[in-house]
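Take a look at the structure below.
FYI, it's all coordinate maths here, none of it is from the lab. Just so it is clear, the model here is predicted, and its values are computed rather than measured. So basically every Cβ, Gly included, is an ideal-geometry build from the backbone, and we count neighbours across all protein chains shown.
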C-alpha cells in the first residue's frame with residue numbers, strides 16, 4: 001500500500017492522494033444509506049492523471065472506483081473491495097463551448113447547473129436537470145444516465161452526450177462517439193452512458209447544448225384526490241401533448257415543503273401537479289389551454305398559471321426542495337426510484353401507500369408523473385428501534401410492486417449497489433448473462449467499480465488477486 | 001401464434017450455431033451466399049398512445065408501422081429507405097432519417113428489444129417504459145450494430161405525437177444561408193443544403209411554423225412538397241464545422257448536407273472510415289463476447305463501412 005501511495009503521489013501530487021482515516025471515511029459513502037471503504041482517494045486534474053490512477057491501482061492489485069460529486073442515491077459511488085477512489089471533483093473545467101454548433105467539451109467534475117449557467121449567455125442550456133443539479137457533476141450524469149423533470153420532452157443524458165473520452169479499465173484512452181454525424185461502428189458512446197463507473201472513467205465529455213425555449217408557461221393544478229391527478233397526467237399525454245415537465249407532489253410532501261418555501265401550495269390538497277410547457281408561443285398558448293381544459297375535466301380543484309418568473313421559480317423551488325424539506329418531518333429518509341406505465345400510476349400509488357402504512361412508515365410521493373417515474377420517499381428516524389428494517393422491507397415491496405405492474409427497477413438513480421440483487425426481478429438469467437458478457441468485454445479483470453449493477457461477480461474475491469476483504473467494508 | 005410462440009420460433013430458426021444472416025428489407029445489404037437467412041417476426045403487437053409506446057416484430061415494415069401509428073395520432077421516427085425497410089433493419093443500420101435534427105436517430109426510439117443470443121436463446125435488453133436506467137444500455141449497442149451482436153426479434157418503441165403542422169420550404173442559399181437558418185430557427189426538423197439551395201423542415205403549431213418561416217424570410221411561395229431527393233451513394237459524417245468544406249468537394253447539387261447534424265449524403269460511395277485502433281479493439285472485444293463464433297451477419301462490416 002505504501003508503495004502504491006508513493007507512486008500515486010509521484011504521478012499526481014502529495015496533496016491530491018489521501019489516505020487519512022477521516023478522509024477515507026468521508027469518501028466511504030455517497031448520498032445513499034450504504035457505506036463501504038476506500039483504500040486511497042485520488043484527485044486527478046486531467047486524463048493523464050486518471051490513466052495513472054487506473055494503471056497504478058490495477059498494478060498493485062486494487063480495483064478503482066470513479067466518483068463525481070457523490071450525490072448518487074443507489075450506492076454507485078460506495079467503494080467496495082477497497083478501491084482507489086478516483087474523485088473527479090478537481091476536473092471541473094469547461095474546455096470548449098461552441099455556441100454556433102451547440103456543443104461543449106467539459107471535464108467530468110463540472111457541475112450540472114454550472115454548465116447551464118456557463119452557456120446561458122448564448123441562449124443555451126444543458127437539458128438534463130436532476131433535482132441535485134446544483135451539486136451533481138456531468139461525469140456523474142453520464143455514469144447514471146441522469147434525467148430530471150425536463151427529460152420528459154428533452155430526453156435523458158444519453159440523448160445529450162455526443163462524445164466521451166474514456167480511460168478504460170486497462171488504462172488505455174479511447175474517444176467514443178463524435179460531435180458530428182453518425183460515427184461508424186457500434187454506438188459505444190451510448191452503451192457507455194449509464195455504465196455507473198463499471199466500464200471506465202469518463203475524462204472529457206462533449207455535451208449537446210439545447211436552445212432555450214422562446215416561451216415557457218408553468219401551471220399548478222391541485223386535486224382533492226391523488227387519483228384525479230394521476231388520471232390528469234394520462235389524459236394530457238393521451239391528448240398528444242408532451243409538456244416539458246409534469247411533476248406530482250402528494251399531501252405529505254406539500255405539508256413538508258410549503259412552510260419551508262412559501263410557494264403558495266394549497267395545504268389541504270391531496271396532490272398538486274406542476275406542469276410546464278415550453279417552445280414557440282402559439283404552441284405554448286394552445287398547450288396551456290389544453291392542460292387547463294383537461295385538468296378541469298379530470299377533477300382539478302384549481303388550475304393556476306404562474307403570473308411571472310418569480311411565481312414560477314417558487315413553484316419549482318418547492319418541487320426541487322422536497323427532499324430537503326423532509327427534515328422537518330423526520331431526520332432520515334430513503335428515496336426510491338422506479339418507473340411504471342402511466343396507466344398503472346393510480347394502482348401503484350395506492351399500493352405504495354398501503355405498503356407504507358402496513359410497515360408503519362411515513363411516505364411522501366414527489367415524482368416525475370409525466371414519464372411514470374415514481375419517487376416514494378420513506379421518512380423515518382433511524383434511532384427508533386426497528387425503523388431501518390421496516391423502511392428496507394417497505395422499500396423492497398414497493399420496488400417489487402412497480403416491476404410487477406410492468407415497470408422497471410430504476411428510472412434515474414441507477415442500480416448501483418442498492419438494487420443489484422433485485423436485477424433478477426426484471427431480467428432473466430439469459431438477460432443477465434448477456435449484460436455480464438458485455439461488461440467483461442470492457443473490464444475483463446473486474447477492476448472497475450466492482451460489486452455494482454450485476455448480481456454476479458459481486459464477491460470481492462473475484463476482483464483481481466485480492467487476498468482478503470479489508471476490514472470495515474460493508475457489502 | 002401468440003407473441004411468445006413467434007419469438008420462440010424465431011429463436012429456433014436462428015438456432016444455437018452456424019452462420020446466419022438476419023435479412024431485413026434488403027435495402028442496404030443483399031443476403032450473401034453462405035449464411036442461412038432468417039427473418040424476424042412481423043406484425044404489430046400493440047399500440048399504447050397514452051404511454052407513447054408500441055410493440056412490434058422486428059420484421060414489420062416501417063411503412064406498416066407508420067400507417068398504424070398514424071391512425072392513433074402517433075409516429076415512430078425511423079427512416080424508410082423503401083417500402084421494404086423493416087423496423088429491425090432500420091434499427092440495426094442505425095442511420096437517422098432526414099428529420100433526425102429534431103427527432104434523433106433510431107436509437108432514440110428503441111426502448112426494449114428481444115434478441116437471440118449466440119446460443120440461440122431469447123434475451124431482453126432495455127425496458128418497456130419511456131424512461132429506464134436498469135442495467136447496461138444494450139439497446140444503444142444494438143442500434144447501428146448491423147445485426148452483428150444478435151438478430152433482433154421484436155421491439156418496444158417510443159412514439160411521439162404527430163405534429164399539427166409539417167411544412168417544407170426551399171430557397172436559394174444565397175437568399176437564405178443554411179447555417180444562418182440553423183442559428184436563427186428554434187428546433188427545426190431539418191436544415192438541408194446542397195451547395196445551391198437551402199431546404200427547411202418545420203413542425204408544430206401552424207402559426208408558429210408560419211412565423212418561424214417568416215422570420216428567416218420564407219413564405220407561401222417557398223413552400224415545397226418535401227425534402228430534396230437524397231443522394232443514395234454514400235453518407236459521410238463530419239464535424240459540424242467541416243460541413244461546408246465537405247460539401248464544396250462536390251459539384252453543386254451532387255451532395256446534400258444535414259446542417260446541425262454533420263451528415264453529408266453523396267452520389268458516390270463513401271470510403272470506409274477506419275475506427276481508431278482503441279475503439280476498434282473495444283468493439284472487437286464486445287463482438288467476440290456477444291458472438292464468439294462470429295455467426296451473426298458475417299462479412300457485413302464491409303457493407304457497413306467499418307474499415308478494419
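Across peptide A:435-442, how many C-beta atoms of other chains are within 10 Å of each residue C-beta, on average?
6
Say each of residue A:428 and residue A:350 gets a label point 7 Å from the Cα, pointing the same way as Cα to Cβ; how far apart are those two points in nm?
3.2
What percent does the relative contact order of the range A:1-66 come to when contacts are Cα pairs within less than 8 Å and at least six residues apart?
Dividing the mean separation by the residue count of the range A:1-66 yields 33 percent.
In what order do A:344, A:93 fall by count of nearby beta-carbon atoms within 10 Å, going from fewest to most?
So the ranking, lowest neighbour count to highest, is A:93, A:344.
What Kirkwood radius, in Å to one decimal, follows from the Cα pairs of the range A:84-236?
16.6
With a/c under 1.5 counting as rounded, go ahead and sort the range B:40-86 into rounded, prolate or oblate using the C-alpha gyration tensor (a ≥ b ≥ c being the square roots of the eigenvalues; past the cut-off, prolate if a/b is larger than b/c, else oblate).
Oblate.
For the range A:282-367, just say rounded, prolate or oblate: build the C-alpha gyration tensor, square-root its eigenvalues into a ≥ b ≥ c, call rounded for a/c under 1.5, and beyond that prolate if a/b exceeds b/c, oblate if not.
oblate
Which shape class, rounded, prolate or oblate, goes with the range B:229-308 when its Cα gyration tensor gives a ≥ b ≥ c as root eigenvalues, a/c under 1.5 marks rounded, and past that a/b bigger than b/c marks prolate?
Prolate is the answer for the range B:229-308, as a/c is 1.5 or above and a/b outweighs b/c.
Which whole-number percentage describes the relative contact order of the range B:203-302, with Cα contacts under 8 Å and a sequence gap of 6 or more?
After rounding, I find 23 percent.
Can you tell me how much longer the chain between residue A:440 and residue A:404 gets when fully stretched, taken as 0.36 nm per residue apart minus their C-alpha distance, in nm with one decimal?
10.0 nm
Based on the Cβ-Cβ distance of residue B:184 and residue B:1, what FRET efficiency does E = 1/(1 + (r/R0)^6) give at R0 = 60 Å, to the nearest 0.05?
Once the sixth-power term is evaluated, E becomes 0.65.
Sort B:88-99, B:293-304 by packing, meaning the average of other beta carbons within 10 Å per residue, with the highest value first.
Final packing ranking: B:88-99, B:293-304.
What percent do you get for the relative contact order of chain A when only Cα pairs under 8 Å and 6+ apart count?
Computed value for chain A: 16 percent relative contact order.
Cα atoms only: what Rg and Dmax, in Å, come out for the range A:40-85?
Radius of gyration, then largest Cα-Cα span, for the range A:40-85: 10.8, 30 Å.
Taking the Cβ-Cβ separation of residue B:66 and residue A:89 as r and a Förster radius of 35 Å, what is the calculated FRET efficiency to the nearest 0.05?
Step by step, r from the Cβ atoms, then E = 0.15.
How much length is gained if the chain between residue B:84 and residue B:44 is pulled fully straight, taking 0.36 nm per residue apart and subtracting their Cα-Cα distance, in nm to one decimal?
12.8 nm
Suppose R0 equals 22 Å. What FRET efficiency, 1/(1 + (r/R0)^6) with r the Cβ-Cβ distance, do residue A:35 and residue A:381 give to the nearest 0.05?
0.70
Restricting to bridges with both residues inside chain B, how much of the DSSP beta-bridge set is antiparallel, in percent to the nearest 5?
90
I want to check the label-to-label distance for residue A:216 and residue A:302. Put each point 7 Å from Cα in the C-beta direction and report it in nm to one decimal.
Each label point lies 7 Å from its Cα, and together they span 2.3 nm.
Please compute the modelled spin-label separation between residue A:26 and residue A:317, points set 7 Å along Cα→Cβ, answer in nm with one decimal.
2.9
Helix-only estimate, please: 222 nm mean residue ellipticity of the protein assembly as shown, summing -39500 (n - 2.57) across DSSP H runs of length 4 or more and dividing by its residues, to the nearest 500.
The helix-only estimate for the protein assembly as shown comes to -8500 deg cm²/dmol at 222 nm.
Principal axes first, then extents: for the Cα atoms of the protein assembly as shown, list largest minus smallest coordinate on each axis, whole Å, largest first.
Cα spread of the protein assembly as shown along its principal axes, largest to smallest: 74, 62, 57 Å.
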